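The values are calculated or read from the model by the stated rules, or taken from the named source; none is laboratory data. Quick caveat: nothing in here was measured; it's all calculated off a predicted structure. For neighbour counting, all protein chains shown are included, and Cβ atoms are generated from backbone atoms with ideal geometry for every residue, glycine included. The area values use the complete protein model at the heavy-atom level, side chains included, leaving out ligands, DNA and RNA. Shrake-Rupley method; radii C 1.70, N 1.55, O 1.52, S 1.80 Å.
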Amino acid sequence: QVQLVESGGGLVQPGGSLRLSCATSGISFSAYDMGWYRQAPGNQREFIARIVNGGKTNYADSVKGRFTTSRDNAKRTLYLQMNSLTPDDTGVYFCYAENRWSGNKYWGQGTQVTVSS
């Protein structure tokens, strides 16, 4: 059974930082490209960041220079370091795993991030 479990969300003041984690099980982690989406209230889910097995990353323009995603293949875990947070970063953050050959995609249940003073 495939499981992706996010953690690390919470309430943070503007300008603050959070680090999200996405622990996986049931997949061959190194065969998957990993990434993050977020969904603000009333909005569609939007792409945030992606990292392939070799470590190459790409980011949405809205988070470039502030967010960094990384992966630890030994721990089967994906991370998202978020700095200089603003209220516009508020939303539910979802991690995903996408098999680079089959295209099968799995999602976590999401973790809430709220940026507010």
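Summary table below
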| item | result |
| --- | --- |
| Over segment 1-51, relative contact order from alpha-carbon pairs under 8 Å, at least 6 apart, % | 29 percent |
| Candidate lysines - alpha carbon under 22 Å from K64, same-chain residues fewer than 8 apart omitted | K56 |
| Accessible surface, per residue, of segment 1-75 when the full set of protein chains is kept, probe 1.4 Å, Å² | 53 Å² |
| Dipole of the chain, positive end: most advanced residue of S116, F67, S25 [Cβ charges, Cα centre] | S25 |
| Shape box of the chain [Cα atoms, principal axes, largest first, Å] | 42, 26, 24 |
| Intensity falloff of segment 63-117 expressed as log10 I(q)/I(0), Debye formula with alpha-carbon point scatterers, at q = 0.15, 0.20, 0.25 Å⁻¹ | -0.55, -0.89, -1.13 |
| Two-site FRET efficiency, T57 against Q13, from Cβ-Cβ distance with R₀ of 25 Å, rounded to 0.05 | 0.40 |
| The chain: relative contact order in percent, alpha carbon pairs under 8 Å with at least 6 residues between | 36 percent |
| Carbon plus sulfur fraction of accessible area for segment 47-117, probe 1.4 Å, in percent | 46 percent |
| Positive-end residue of G15, L85, Q1, charge dipole of the chain with Cβ unit charges | Q1 |
| Globularity index of segment 1-60, i.e. its alpha-carbon radius of gyration over 2.2 N^0.38 Å | 1.29 |
| Size of charge dipole - segment 4-104 - debye, nearest 20, with Cβ of Lys, Arg +1 and Asp, Glu -1, no other charges | 260 debye |
